[in-house]
Every structure is written in structure tokens, then in C-alpha cells.
1. For segment 59-68, state whether one or more residues are of a type in the set (D, E, K, R) and either modelled with pLDDT of 95 or more or not in a loop (DSSP other than H, G, I, E, B) (or both).
Amino acid sequence: MKDLLSSEYWRFRFYQSFEYEWQPTLFQPVGGMDKIVDGFVNKIGSLIQYNTKVLDIQISDTGVTVVVEHEGQQRKHRGGLLHQQHSVAAAERQEEDQ
């Protein structure tokens, strides 16, 4: 531990944001990244609701609540987890556009 601390490793490239933000994809499914979506469709396709706008996502200690609009009607869905199929950056842009 003494050697580690005396080296002051944190002063030299301990964390570089450009390295974190531009890391390569950790895996590539055979046939392309769309195969991940295809897998979900094959397993739970009947549960997927298309053409639905997400209005709000609320995360708490007890789970997640998602408010959506589908065919002009708003609904709340509650669950223990959320699989988000778009990037956080896309969600932030959507929030800015409103």
C-alpha cells in the first residue's frame, strides 16, 4: 500500500473523461446490434407497446414508474426495473425539446 500511495498514480491519467466516454463496444452480437432487440421481440414481443411516447421516468427505492402516452391516452406503468432502449443523451434531448 505504501508503494501504491507514494507513486501518486492519481496524478497521472487516473481518470480521463475522453477515455471513459469513448470506450469501444464490449461485444458485438453475430448479425449486428439489432440482434439484441430481435431477442427481446422473440421472447416478450406481445408485451412490447409500439408508437408510445415516454413522458416521465421516476426511479425510487421501491422501483420505477414510467408515464407514457399511447393513442392519446396517458398511463402509468410500475415495475422493479426498466430496460431503456435509447441512450441517456437521447432522453436528455427529448426533455430539452419539450
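The values are calculated or read from the model by the stated rules, or taken from the named source; none is laboratory data. As the structure is a computational prediction, the values presented were derived from the model and not from experiment.
1. no
Let's see how each residue does on (1) under 18 Å from the mean Cα position of the chain (by Cα); (2) among the small types (Gly, Ala, Ser):
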residue	(1), (2)
GLY45	no, yes
ILE48	yes, no
ILE57	yes, no
THR62	no, no
GLU71	no, no
ARG78	yes, no
